[in-house]
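Worksheet for the structure shown next.
Nothing in this text is a laboratory measurement; each read-out follows from the coordinates by a stated rule. Note that the structure is predicted; figures quoted are calculated from it, not measured. Cβ: placed from backbone, ideal geometry, glycine included. Neighbour counts: every protein chain shown.
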Amino acid sequence: MIGPSRVAELDMPAAGIETGTARPAQSYWNESWERLRANRIGIAAGILILIFAVIAVMAPLFSLILTHYQPQTINLDQTFMKPGSTHLLGSDELGRDTLTRLIWGARVSLGVAFLTVAMSLTLGTTVGMVAGYYGGWIDDVLMRLVDTVLAIPAIFLFILMSILFRPNAFTLAAIVASVGWGSVARLVRGEVLSVKQRDFILATRSIGARDTRLMLRHLLPNVLPVLIVAASLGVGQIILIEAALDFLGLGIQPPTPSWGNMLTNAQSYFFRSGFLVALPGIAIFVTVLASNMFGNAIRDAFDPRLKS
Amino acid sequence: MTQPLLEVQDLHTVFSTKEGTVKAVDGVSFELHSGETLGIVGESGCGKSVTAMSIMRLQRPGRIVGGKVMFKGQDLTRISEYEMREIRGREIAMIFQDPMTSLNPVYRVGWQVSEPTRLHNGWDARKALSSAVNMLGRVGIPSASARARDYPHQFSGGMRQRAMIAMGLTTTPQVLIADEPTTALDVTIQAQILDLLRDVNREFGTATILITHNLGVVAGMCQRLIVMYAGKVVEAGPTADVFANPKHPYTWSLLRSIPRLDAERHEPLKPIEGLPPNLVDLPSGCAFHPRCVFRVERCARDVPALIQVGGTQRAACWVTQAGTELKGV
């Protein structure tokens, strides 16, 4: 035992701390969670997103037990019906059930949004981390690449890519992510540059850790909060982009229902049935609003300093 | 003398900057013997830390452009990065100036203290953690097994520095490099950490390089010291001899500038006039000559070598090499 007596006589702070061992370890994550829980609107928005996600995942089940229709079932006897007992939220020009199509549309919208976020986060984090960690010419090359990607007019790229590749949920996500990763890379690089300055990085290198360990085990957890914030704020934005692409006919192709192409379809029958326009619009609006509010709540919880 | 454990020979480390090449370490040589504590003293920016970093090959973005670091028969400046990683943390451990930032805030202390043994000894998490807890106890962390579950922000500065020392010791390294380990701590905590380092040195036989700008720390801790100025060693020798009879005017001025308790009231402090030199544009001759009160004409012209002056010391100074005693001015 090294100097136990010395500890006893000198280390008064340490002696006082002994009584405090029962106190739970308040980690950064715990504190953030506490702050998030205190934000009621944010939690409500989060729960709403969760409900939509559950509905999207279980769409086949819902169309089986709730609406009793399939999204592409045509029934020419029941066109343009108002919401009622046969069709809970009405039907369209081919007699397809609107609620069923909305539920299946949620699948597309949320699926594409989450897939896009996952893709742009993975690529952006990798590039940003490598650029920030290694610095020098690697940083220069990668960041100029990011500048280039961010300078491309995205909508034209989307149009071009949609023509070249047959859009389905997966390719659509890849197309949007091919631009989206740039801003993530910038964000991560900035954060890495700041975390890298701290002594624990040097200390970890001094115990013989290799670069990959430093990046994955030490830097990544420290940039995770900004990634979570970026992801949660990105979802709403991507739902809008996806809806816009669908609306222009560049996204998910009919007859597969998506909120965007339901809107496109509805514009021809605007005066026959306002519900056909309003319902997908409301779905998009509510989802985007909820994910933005949840994103803001996450940001405030993780980094109270960013709160404006 | 026996074979030194670590031998730095004519080490040169440079940094390329927009203003020019900075010779942060410019021909530094010294030896570290098993079990001893060696002090490296000097002002901020004189190359102490870069010397330490160069030994560990962590001097990035600086480059080692010359010299050798001999450790166990191999030159650390020449071995592969893989071999160097095996040395870092296993054979040579390092602790840093600022304990507030030297622990990763997102991991529990026990996890971090056990990281070196997981990396080097291939221990599983459980075994590594129990050895880390044991070591935390030995460096004076009370209720170590409970505190190991804490996050770094729940530790005080002194406790974090203890944790860093524990982390360094888990692999029982032969050399511990402490880079200003007490600079960021309160005075009372400083004393505890220094006591701890002395105990570590005695109980584990770990040879220690203690980098500091605090001469009082060196006096209490180190058998030998080297004094650095502008990237060069200007004086080296046993601590007692150097303190009693400095052979370089820089050492002499440093010792003279320490405030004394027995000084006359109102006696002014005696600072070293002038500022440390710009490393991009060093003065000609001896880098210290513009600030030196003993300088002679030759000092501005030729660079003095570090050679034996007096019985046990070496100094790089034309004045003392010519036999002149450094006496109050």
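Once you sort the root eigenvalues of the Cα gyration tensor of the stretch B:280-329 as a ≥ b ≥ c, which label holds: rounded (a/c under 1.5), prolate (a/b larger than b/c) or oblate (the other case)? It comes out oblate by the Cα gyration axes.
Relative to the longest principal axis of the Cα atoms of chain A, the long axis of helix A:136-151 lies at roughly 20 degrees. Peptides B:38-44, A:83-89, ordered by how many other C-beta atoms sit within 10 Å of their residues on average, highest first, read B:38-44, A:83-89. Which entries of B:LYS270/B:LYS327; B:LYS72/B:LYS127; B:LYS23/B:LYS48; B:LYS48/B:LYS327; B:LYS18/B:LYS68 show an alpha-carbon separation above 24 angstrom in the structure shown? Listed pairs above 24 Å: B:LYS72/B:LYS127; B:LYS48/B:LYS327; B:LYS18/B:LYS68. Peptides B:112-124, A:105-117, B:152-164 ranked from most to least packed, by the mean per-residue count of other Cβ atoms within 10 Å: A:105-117, B:152-164, B:112-124.
The label point for B:ILE79 and the one for B:ARG60, both projected 7 Å from the Cα toward the Cβ, are 1.9 nm apart. Each helix, a run of at least 4 DSSP H residues, gives -39500 (n - 2.57); summed and divided by the residues of chain A, these come to -23000 deg cm²/dmol at 222 nm. Using just its DSSP H runs of length 4 or more, each adding -39500 (n - 2.57), chain B gives a mean residue ellipticity at 222 nm of -8500 deg cm²/dmol after division by all residues. Relative contact order for chain B: 19 percent, from Cα pairs under 8 Å spaced at least 6 residues apart, divided by residue count. For chain A, place one equal point scatterer on every Cα, skip the solvent, and apply the Debye formula. What is log10 of I(q)/I(0) at q = 0.09 Å⁻¹? Here the Debye-derived log intensity ratios amount to -0.60.
Determine the shape class of the stretch B:246-321: with a ≥ b ≥ c the square roots of the Cα gyration tensor eigenvalues, call it rounded for a/c under 1.5, and otherwise prolate if a/b is greater than b/c, oblate otherwise. Oblate. With just the Cα atoms defining each centre, how far is the stretch A:172-231 from the stretch B:104-136? Give it in Å. Centre-to-centre (Cα) distance: 23 Å.
Cα axis of helix A:98-134 to longest principal axis of chain A: angle in degrees, 0 to 90, nearest 10? Value to nearest ten degrees: 30. Taking a ≥ b ≥ c as the square roots of the eigenvalues of the Cα gyration tensor of the stretch B:129-208, is the shape rounded (a/c under 1.5), prolate (a/b larger than b/c) or oblate? The shape class here is oblate.
P(r) tail for the stretch A:234-308: Cα pairs beyond 19 Å make up 45% of the total. Modelled spin-label separation between B:VAL293 and B:ALA263, with each label point placed 7 Å from Cα along the Cα-to-Cβ direction: 1.2 nm. To the nearest 10 degrees, how steep is helix A:274-302 against the longest Cα principal axis of chain A, on a 0 to 90 scale? It works out to around 0 degrees. Considering only alpha-carbon pairs that sit under 8 angstrom and 6 or more positions apart, the relative contact order computed for chain A is 22 percent. Within the stretch A:44-153, all pairs of alpha-carbon atoms sorted by distance into 5 Å bins from zero give the percentages 2, 11, 14, 14, 11, 9, 8, 8, 7, 6, 5, 3, 1, 0.
Among the residues of B:146-155, the average count of other protein chain beta-carbon atoms within 10 Å of the residue beta-carbon is 4. A simple spin-label model places the labels of A:VAL286 and B:HIS213 6.4 nm from each other, with each point 7 Å out along Cα-to-Cβ. Per-residue mean of foreign Cβ neighbours for B:197-207 is 1 (Cβ atoms of other chains, 10 Å radius).
Simple rule: put +1 on each Lys or Arg Cβ and -1 on each Asp or Glu Cβ in the protein assembly as shown, find the dipole, and look at B:GLY157, B:SER114, A:ALA174; the Cα lying farthest toward the positive end is A:ALA174.
Based on the reciprocal of the average 1/r between different C-alpha atoms, the Kirkwood radius for the stretch B:6-222 equals 17.8 Å. Just so you know, the averaged projected area of the alpha carbon convex hull for the stretch B:113-258 sits at 9.9 nm². For chain B, modelled as a GNM whose springs connect Cα atoms under 10 angstrom apart, the maximal fluctuation among B:ASP26, B:ASP98, B:ASP186 occurs at B:ASP186.
Within the same chain, aspartates and glutamates fewer than 8 places from A:LYS82 are excluded, and of the rest, those with a Cα less than 18 Å from its Cα are A:ASP92, A:GLU93, A:ASP97. Sorted into 5 angstrom bins from 0, the C-alpha pair distances of the stretch B:160-205 split as 5, 21, 36, 25, 10, 3 percent.
Note on the protein assembly as shown: Cα-only Rg and Dmax are 33.4, 117 Å. Cβ crowding within 10 Å, taken as a proxy for footprinting-reagent exposure, orders B:LYS72, B:LYS18, A:LYS196 from fewest neighbours to most as B:LYS18, B:LYS72, A:LYS196. Sites listed here are trypsin sites (Lys or Arg not before Pro) in the stretch A:238-308 whose DSSP assignment is loop and whose Cβ has at most 13 other Cβ atoms within 10 Å: A:ARG272, A:LYS307. Residue by residue along B:179-191, Cβ atoms of other protein chains within 10 Å of the local Cβ number 1 on average.
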